[in-house]
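Visitor: Below are the structure tokens for one structure; questions will follow.
The values are calculated or read from the model by the stated rules, or taken from the named source; none is laboratory data. Just so it is clear, the model here is predicted, and its values are computed rather than measured. Virtual Cβ from ideal backbone geometry, glycine too; neighbours counted across all protein chains shown. Ligands, DNA and RNA are stripped out before the accessible areas are found, and what is left, the full protein with its side chains, is counted by its heavy atoms. Shrake-Rupley method; radii C 1.70, N 1.55, O 1.52, S 1.80 Å.
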Amino acid sequence: MLRSVHTTREYGRLHFHLSEKMAEQGLNRNQVAQAIGSRFEVIDKWCSGSPERIDADVLARLCYVLGCGVGDLITYEEN
């Protein structure tokens, strides 16, 4: 049976771990934004856990620069 979405609480949420990954490597938001060729605001939203959208290119650049995988930056928690 196909599940459908009725409310946020039913389908869980994504957790963003960019700030933790940056801290492990001693990087700040400005450094990461500059390294991936993006704006500070984009990195700031990822760090606060509230990006407006998940851009696959930005995600790939983050993984490349930080030397990690997608699962290191984003995890899914089902309710």
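Visitor: Output the number of the condition that His15 fails; it satisfies all remaining conditions of (1) part of a helix (DSSP H, G or I); (2) touching a Gly at 6+ places or on another chain (Cβ under 9 Å).
Guide: (1)
Visitor: Tally time: how many residues in the range 18-66 are within 11 Å of the chain's Cα centre (by Cα) and either over 28 Å from Asn79 (Cα atoms) or assigned to a helix (DSSP H, G or I) (or both)?
Guide: Here the count works out to 17.
Visitor: Right, another one. Going residue by residue through the range 4-12, is there one that turns out to be among the hydroxyl-bearing types (Ser, Thr, Tyr), assigned to a strand (DSSP E or B) and open to solvent by 80 Å² or more (accessible area, probe 1.4 Å)?
Guide: No, there is no match, as no residue in the range 4-12 is among the hydroxyl-bearing types (Ser, Thr, Tyr), assigned to a strand (DSSP E or B) and open to solvent by 80 Å² or more (accessible area, probe 1.4 Å).
Visitor: Okay, moving on. So is Lys45 touching a Pro at 6+ places or on another chain (Cβ under 8 Å) and surrounded by 10 or more Cβ atoms within 10 Å (Cβ to Cβ) or not?
Guide: Considered against the rule, which asks whether it is touching a Pro at 6+ places or on another chain (Cβ under 8 Å) and surrounded by 10 or more Cβ atoms within 10 Å (Cβ to Cβ), Lys45 comes out as yes.
Visitor: Scan the range 67-79 for residues that are among the aliphatic types (A, V, I, L, M), part of a helix (DSSP H, G or I) and buried (at least 16 other Cβ atoms within 10 Å of the Cβ) and jot them down.
Guide: Matches in the range 67-79: Leu73 only.
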